[in-house]
Amino acid sequence: MNYHPTAKLAIRIALVGALAYSFWLPYSFFGVLPLFTFSNDYAAAEDAKAAERRGSAPAAVKILDDDIVGDGKIFASAEELAEARKDWVWCGFCHYTAADAPHRIGPNLNSIIGRRVGSKTKYFYTVSFREAAAAGKVWSEESIDAFLANPTQLYPGNRMRYAPVTDPEKRKRILKYLKAFS
Ligand code: HEC
C-alpha cells in the first residue's frame, strides 16, 4: 500500500514517540535508572562509622524473631512484627536492608539511621540528595519519619516515588522494621 509521505512521517514520529515513552515510563512510575552508578565521596567514612555503631557484631547476621520481639525489645508482639513486615512490602520492592545486599531501584538501607543522607557507594542519587549529603544532613528517626510522611517535601526533587505514609502508627512500625533489620 502506498502512503502519502506526510502520513509516513507522521507514523514514524508516532512510533519513535511511543518507544521513547515506553522507556520513560519505568522512570516516571518507579524512578528506575538501570545503567547508572556513582562513586560517593562520603561512603567510606560513613561505612566506618556504621561499623563502629555496630561494634563487634558482624555486618551480616541472621536476625531471629526472638532477638527483636518481646518485653523491652523492638517489637512488643509477634503481631506487631507481622504488621511491620506487611507495611514494609512496598519499601522492600525498592530497598534491601541486609548489609551484604545490593541496591534495588532505591539504595540499600543498611544502617541508615544515623547515616549521612545519600551516602551509599555505587548508587546514583539525585542532585537533591547529593546536596543534602554535601550539607552534612544525617538520617535520624525523626527525619526519616518526616521524609515518609511526605517524600517530596523534605528533599524536593528526589527520585523516590512513594505516596506519603499518612498513618503515624504505620510510620512507627516502618521505623521499627528499619531498626530491627538494617
Ligand atoms: C518505587 C521505589 C521506592 C519505594 C517503593 C520506596 N523507595 Fe525509598 N528511595 C527510592 C529511591 C529511588 C531513593 C533515592 C532517591 C534519590 O536519589 O533522589 C530512595 C531513598 C530512600 C531513603 C534515603 C536513602 C539514603 O541513602 O539517603 C530512605 C531512608 C528511604 N528511601 C526509605 C524508604 C522507605 C522506608 C520506604 C517504604 C515506606 C521506601 N523508601 C519506599 C525508591 C523507593
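The values are calculated or read from the model by the stated rules, or taken from the named source; none is laboratory data. Since we're looking at a predicted model, the values are computed, not measured. So basically every Cβ, Gly included, is an ideal-geometry build from the backbone, and we count neighbours across all protein chains shown.
Considering segment 1-100, the qualifying helices (runs of 4 or more DSSP H), each wholly inside and each with 1 or more residues that are outside the structural domain of GLU169 (by TED's automatic domain parsing) and of a type in the set (D, E, K, R), run over 5-30. Entry remark, segment 98-114: residues being within 7 Å of the ligand (Cβ to nearest atom), under 18 Å from TYR42 (Cα atoms) and in contact (Cβ under 8 Å) with a residue 24 or more places away in the chain number 3 in total. Close Cβ contacts (under 9 Å, 6 or more residues apart or on different chains) running from residues in segment 136-159 that are more than 15 Å from TYR125 (Cα to Cα) and charged (D, E, K, R) to residues that are near the ligand (Cβ under 10 Å from one of its atoms) and assigned to a helix (DSSP H, G or I) comprise GLU141/LEU175; GLU141/LEU178; ASP145/ARG171; ASP145/ILE174; ASP145/LEU175.
Could you tell me whether ARG161 is near the ligand (Cβ under 10 Å from one of its atoms) and at pLDDT below 95? So ARG161 fits the description; yes.
In this structure, HIS95 qualifies as within 8 Å of the ligand (Cβ to nearest atom), closer than 26 Å to ASP41 by Cβ and within 14 Å of the chain's Cα centre (by Cα).
Restricting attention to segment 115-138, the residues being more than 6 Å from the ligand (Cβ to nearest atom), assigned to a loop (DSSP other than H, G, I, E, B) and within 15 Å of LEU178 (Cβ to Cβ) number 1.
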